[in-house]
Amino acid sequence: MDRDERGAGRAAAGGGAARPERGTGPRPPAFRRPFPAGELPTVEEARRRILAAVGHPPVEAEEVALDEALGRVLVKPVYAGDDVPGFHRSTVDGYAVRSDDLRGAGPGRPVRLRLVGEGGTGRPATARVGPGRGVAGPQGGRLPRAP
């Protein structure tokens with residue numbers, strides 16, 4: 001930043017915004033050079049380093065009641081015994097259509113389909129997807145049955 005005779009700052013020629021003086025403002029993050037692949041530790045060495053940094057070996061697994069599990073870490077994945085919900089549902093708002101009906105579609109080459117129904121989150125679509133037909137559905141809604 002240049003200073004005029006009165007000591008007031010003015011932007012340097014070039015029409016850009018005034019730049020902060022050296023040493024002010026946030027510093028860019030400091031990145032280290034990546035390790036060459038030959039210098040990466042083995043899995044055993046990485047585990048040893050992690051345990052040394054944490055200060056203790058892994059704790060033994062224990063089974064606790066659900067209301068005591070807050071703040072704990074799972075030892076293995078948990079799977080539901082049943083599908084919830086118990087039907088195929090849409091993950092986004094959209095339309096159920098047959099892929100065969102969209103063959104050849106693209107920018108500048110639309111395909112026209114007839115909207116024959118709409119599903120809801122609490123109710124299934126009453127119409128079925130058929131040739132040249134589409135069914136609207138909201139996120140979380142039950143997908144219509146195929147013909």
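The values are calculated or read from the model by the stated rules, or taken from the named source; none is laboratory data. This one's a predicted model, so the numbers in the text were calculated from it and none came from an experiment. Each accessible area value is taken on the protein alone, full model and side chains, heavy atoms only, with ligands, DNA and RNA left out. Shrake-Rupley method; radii C 1.70, N 1.55, O 1.52, S 1.80 Å.
Annotations for the structure displayed:
- Placed amide H near Arg89: partners under 5 Å, 5+ positions off or other chain: Leu143
- Karplus-based coupling profile of region 65-78, in residue order and whole Hz: 5, 4, 6, 9, 8, 4, x, 9, 10, 6, 8, 8, x, 10, with θ = phi - 60° in 6.51 cos²θ - 1.76 cosθ + 1.60 and x standing for Gly or Pro.
- Gyration tensor (alpha-carbon) shape descriptor, region 97-147, a/c threshold 1.5: prolate
- Solvent-accessible area per residue, Å², over region 34-147 with all protein chains present [probe radius 1.4 Å]: 87 Å²
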